[in-house]
Each structure stands twice: as C-alpha cells, then as structure tokens.
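Colleague: Here it is, the structure, as structure tokens.
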Amino acid sequence: MDHFNYRDGQLFCENVPVERIADECGTPTYVYSRQTFTDHFTRIRDAFAELSPIICYSIKSCHNLSILKILKEIGSSFDVVSGGELKRAIEIGADTSQIVFAGVGKTDDEIIQAINSGIGWFNVESEQELEQIDRIAGQLGKPATAALRVNPDVDPQTHRYTTTGRKETKFGVDVERARRVFNEFGKNRHVALTAIHIHIGSPVNKVEPYIASTTKAVELIRSLRKDGFEITALNIGGGFGANYEGSEAPPAKAYAEAIIPILRDVGLQLILEPGRSISGNAGIVVGRCIYTKSSGDKQFLISDVSMTELLRPALYEAYHFVWPVNPETGFVPPHRGRDLKMDSTVLMDVVGPVCESGDFIAKDRWLPLVARGDLIAAFTAGAYASVMASHYNSRPQAPEVLVEGDTFRLIRKRETYDDLVNAERSCLSNLNPSG
Ligand SMILES: Cc1ncc(COP(=O)(O)O)c(C=O)c1O
C-alpha cells in the first residue's frame, strides 16, 4: 500500500525516521515517499499494458514540480485543469502533445496558452466552450484536438461533492446532447473532435461504475462511427481509489480486468487520468501536539496541523488515519481503521488551531495518550492535501519533503511571514493618503 511503516515503535518513511524530518524541517510538514509514487504508477501501467494507455497523472491531486518530474521520468503524461497546472507541466519539460486539458470553465487566456503550447486534447464540457476553442484555434491558425466530455449518468457510489458522472452535476453533456454536439462540431472545424471523455467521480472503490460508464461510452462511440465520425480515443478519467482505512481500494489490476474486455476490440487509444490512486498513499502530513485539553466529556488533541494543511475532513468529512509518530507506549496500530478502542487508547478529537469548529483532522478517534510536543501523523495525505492548502488565519504554507530510500530532501520550502505579506506590502503605497 505504501512505505510508511512502524519499526520498533517509530514511524518511518522508507528508511528515514519521520521524527528526523520533523526535527530538521519543523511541523507541520508534508512527507512523501518516492517509492510509493512509482509503485502505484507502475501498477496502473502494468495492469493496463495490453491497451498501451496514455497515463495522464492528474496534477490537481499533488502538483509539486519534483513529483511531476519523477512521474514524467517513468513515463507519465499529465491531466491539467488550469493554466497554472499547464505551466507546471511545461516547467518540468512534459511532452505537451500528450497532455489533456479538462475543466468546465477554461478562459480565453488558458485556451490560447494551451493551443500555443501544443497540448494533446482539450476535454470539452459544453457547446459554448467548443465554439470558443474553435474560434481561437482559427484565429491562431493552429488546429486543436478535443474530446467531448460525456456525462454517462452513472452513480460512482462516492461522496456527493466528488460525484461527477450523474446527470445533475455540472460536468459534461448527456449522451443525447453529445450526438447533437457531434452533428454540429464533428466535422470541418479548426478543432478535430475525435475523442470521448468520461470521469465519473472520485474515489470510486468499486469496478462496477467503470463497467457501466465505459460500456455507455463505447455504445456512443459505435453509433457515432456509424454516422461517419472518426473517434480515435477514449479517456475514462480518474477516480481509482486509495487506501485510507485498510484495503478498501481495489488494486489497479481489478480495475483493468473489468475495463479491458470492454475496450479490447474497439480500436481506441485509451487515456487514463489517475491522481489519488498514485499520490494518495504516497504522503503523510506530520504535526506536533501543541496542547491537550478536556471540555465536557470531550478530549481534544490540539495539533499544529489544521484545515489549512488538510482540508478534506472539513470539506467532506473525509477520513484520515491519525497516530503518534513515536507512540509513548510503543503501541503501533494494528491497522488504519476506526476501530481501535483498547485499554491503552482514549477517545479524542484531533483539531487544529484555526478559528473554525470545522477545523478538525480526526473526530472521535481512539488514540494512545499524546503529550505536548509529541509528533502525530495524518496518513494518506499525498492527494488533495498540500494542493488544497490555504493561508486562512495567515498561516504560512507548510514545506514538502521527499524521501528516497535512506535520504530526504526539501521539495518546497516553508513559507515565511514575509512571503505572506509581500504581495500586499508592495501595494501599500497605492493607498490614497487622504483615505
Ligand atoms: C476530470 C478529472 N480527471 C481526473 C481526476 C482525478 O481523480 P482521482 O484523483 O480520483 O484519480 C479528477 C478529479 O477530480 C477529474 O475531475
């Protein structure tokens, strides 16, 4: 699953004690395992090898340049959803012709940037967007290629905020409308509309929703081909699970075994956009206990990790396993699930210092006693953690550290208070002195 393990009562990332990183870099700090990133990428690549997919790692899940560079070196391409993410991909020398650009609201500037940098596919979400890309491609005299995002109306059986493939969500166009879009835009345009894109949600811990959505996509492609449209690629998006509690995410092989038979004889370039399944288990966020307290019946562990470093619990009550880095009793957890009520554990909420009741990273958890200054780790924080960090309460963003075997290196510096105010300090002189 990952390379974060307890050895003799101490948490290690690969061969490095996490305490050493915290002592050197301070807390809170994101810690990533290079080997875990590469293991998960390789498993997906090997599982789908029969179809030689283009694997476009979803930059939104963890966007640090060093991580992107590592993934590029082992054959990954990229899924971007903004000009900023495209900049990151270009910055590390990605092959832009293999990049997919998704998102419901691409601006003109982003479309120009993407066409000029020669991206592989726009994942187009509406007729207006397609019209706009067509217009800009014509003005620039540079043809573009697009996949139409189709909303297959399949329930991915995940949180409602991360469900994207139901018809009531804002994503894509329904199957009937897709035919109309092809009739209008499918031929003789500056944009070659030659692919279909679907992404049903995240995390999708079952294979059945993929079977349903891929089958619908193939039916649509067959009927479009019958009508004379040339469809060369199918992008089935991301959404493969990560393990937060145990082994709830099916292995890459299980997704592949369900999906490959549907696509084997269709003659399409398969594109995948995995994010969480590569990055989720590859990171933790390490913090220190600032105080402990009781209030009423409740015990609180107040840590320096807050919703500004790990928003998912506040945003969708997401579960992250939390445990001391060096548990005092040497008591290492038998698993990462919720059920850890024992003689040596106490029920508590792990919260941060931010002024919101929603600022918690773990609620009602059985944990060993933790004292001021002790280190804690929130696991499976490689995906949608550092990328969702905010400056709320003027908190500088935490650093990121990459572990490679016996060594570790900083891959993003901790922000300083000066970093927080610099962009505003230079504007102070713009104030009207008379107020
Ligand atoms: C279009 C699209 N592709 C890929 C992804 C990546 O999903 P995941 O990280 O679950 O693989 C997302 C996530 O929101 C997405 O919206």
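Colleague: Residues of the range 203-221 being more than 16 Å from the ligand (Cβ to nearest atom), closer than 19 Å to T232 by Cβ and touching a residue at least 60 places away in the same chain (Cβ under 8 Å), which ones?
Modeller: The answer is K216, L220.
Colleague: A further question on this structure: Scan the range 61-83 residue by residue and report those that are over 25 Å from F48 (Cα atoms), free of Cβ contacts under 8 Å to residues at least 60 places away in the same chain and more than 15 Å from the chain's Cα centre (by Cα). Even if it seems obvious, please write down each step before you answer.
Modeller: We begin by selecting, within the range 61-83, every residue over 25 Å from F48 (Cα atoms); these are 64-66, 82-83.
Then keep just the ones that are free of Cβ contacts under 8 Å to residues at least 60 places away in the same chain; that gives 82-83.
If the condition is that a residue be over 25 Å from F48 (Cα atoms), free of Cβ contacts under 8 Å to residues at least 60 places away in the same chain and more than 15 Å from the chain's Cα centre (by Cα), then G83 is the only one that fits.
Colleague: Which of the residues belonging to the range 240-264 are assigned to a helix (DSSP H, G or I) and either modelled with pLDDT under 95 or farther than 22 Å from A383 by Cα (or both)?
Modeller: Hits for the range 240-264 are E257, A258, I259, I260, P261, I262, L263.
Colleague: List pairs: first residue in the range 222-247 and away from the ligand (no atom under 14 Å from the Cβ), second residue among the polar types (S, T, N, Q) and part of a loop (DSSP other than H, G, I, E, B) anywhere in the structure, Cβ distance under 9 angstrom, at least six positions apart or on different chains.
Modeller: Sorted first by the residue in the range 222-247, then by its partner, the pairs are E245/T380.
Colleague: Also, quick follow-up: Could you check the range 359-408 and list, in sequence order, the residues that are more than 22 Å from G9 (Cα to Cα) and touching a Pro at 6+ places or on another chain (Cβ under 6 Å)?
Modeller: F360, I361, A398
Colleague: Oh, and also: Sort out which residues of the range 249-282 are within 20 Å of H199 (Cβ to Cβ) and more than 12 Å from the ligand (Cβ to nearest atom), and write them in order of number.
Modeller: P250, A254, A256, A258, I259, I260, I262, L263, V266, L268, Q269, L270 - these are the residues of the range 249-282 that are within 20 Å of H199 (Cβ to Cβ) and more than 12 Å from the ligand (Cβ to nearest atom).
Colleague: Suppose the filter is under 21 Å from L193 (Cα atoms), among the charged types (D, E, K, R) and within 14 Å of the ligand (Cβ to nearest atom); does D108 pass it?
Modeller: no
Colleague: Okay, moving on. Among residues belonging to the range 375-404 that are touching a strand residue (DSSP E or B) at 6+ places or on another chain (Cβ under 8 Å) and of a type in the set (G, A, S), point out the one that is nearest to P28 (Cα to Cα).
Modeller: My answer is A398.
Colleague: Right, here's the next one. For the range 300-324, give me each residue that is of a type in the set (G, A, S) and crowded, with 23+ Cβ neighbours inside 10 Å.
Modeller: Residues of the range 300-324 that are of a type in the set (G, A, S), as a first pass: 303, 306, 314, 318.
Within the range 300-324, S303, S306 meet the criteria.
Colleague: Continuing with the same structure: With the structure loaded, tell me whether D108 is within 26 Å of A178 (Cβ to Cβ), among the charged types (D, E, K, R) and touching a residue at least 40 places away in the same chain (Cβ under 8 Å) or whether it fails that test.
Modeller: It is false that D108 is within 26 Å of A178 (Cβ to Cβ), among the charged types (D, E, K, R) and touching a residue at least 40 places away in the same chain (Cβ under 8 Å).
Colleague: On the given criteria, is P313 in a loop (DSSP other than H, G, I, E, B) and not assigned by TED's automatic domain parsing to the domain that holds L148?
Modeller: No: the conditions fail for P313.
Colleague: Oh, and also: Please enumerate the residues belonging to the range 196-223 that are crowded, with 22+ Cβ neighbours inside 10 Å and in a loop (DSSP other than H, G, I, E, B).
Modeller: Listed by number, the residues that qualify are I198, H199, I200, S202, P203.
Colleague: Being part of a strand (DSSP E or B) and among the basic types (K, R) is the filter here; which residues of the range 271-310 pass it?
Modeller: Narrowing the range 271-310 to residues part of a strand (DSSP E or B): 271-272, 283-295, 298-303.
Result: R288, K293, K298.
Colleague: Hey, which of the helices (runs of 4 or more DSSP H) in the range 12-101, taking only ones fully inside, have at least 1 residues that are within 16 Å of the ligand (Cβ to nearest atom) and modelled with pLDDT of 95 or more? Outline the logic, then answer.
Modeller: Numbers: elements: 18-25, 34-47, 65-73, 83-91.
Here the list reads 34-47, 65-73, 83-91.
Colleague: Also, I was wondering about something else. With respect to G382, determine if the residue is modelled with pLDDT of 95 or more and more than 16 Å from the ligand (Cβ to nearest atom).
Modeller: no
Colleague: Same structure again: With the structure loaded, tell me whether G237 is on the phi > 0 side of the Ramachandran plot, at pLDDT 95 or above, assigned to a loop (DSSP other than H, G, I, E, B) and surrounded by fewer than 24 Cβ atoms within 10 Å (Cβ to Cβ) or whether it fails that test.
Modeller: So G237 does not fit the description; no.
Colleague: Just a yes or no: is a residue in the range 285-299 buried (at least 18 other Cβ atoms within 10 Å of the Cβ), among the small types (G, A, S) and closer than 30 Å to V387 by Cβ?
Modeller: Within the range 285-299, one or more residues are buried (at least 18 other Cβ atoms within 10 Å of the Cβ), among the small types (G, A, S) and closer than 30 Å to V387 by Cβ.
The values are calculated or read from the model by the stated rules, or taken from the named source; none is laboratory data. These numbers were taken from a predicted model, which means no experiment stands behind them. Glycine gets a Cβ as well: all are built from the backbone with ideal geometry, and neighbour counts include every protein chain shown.
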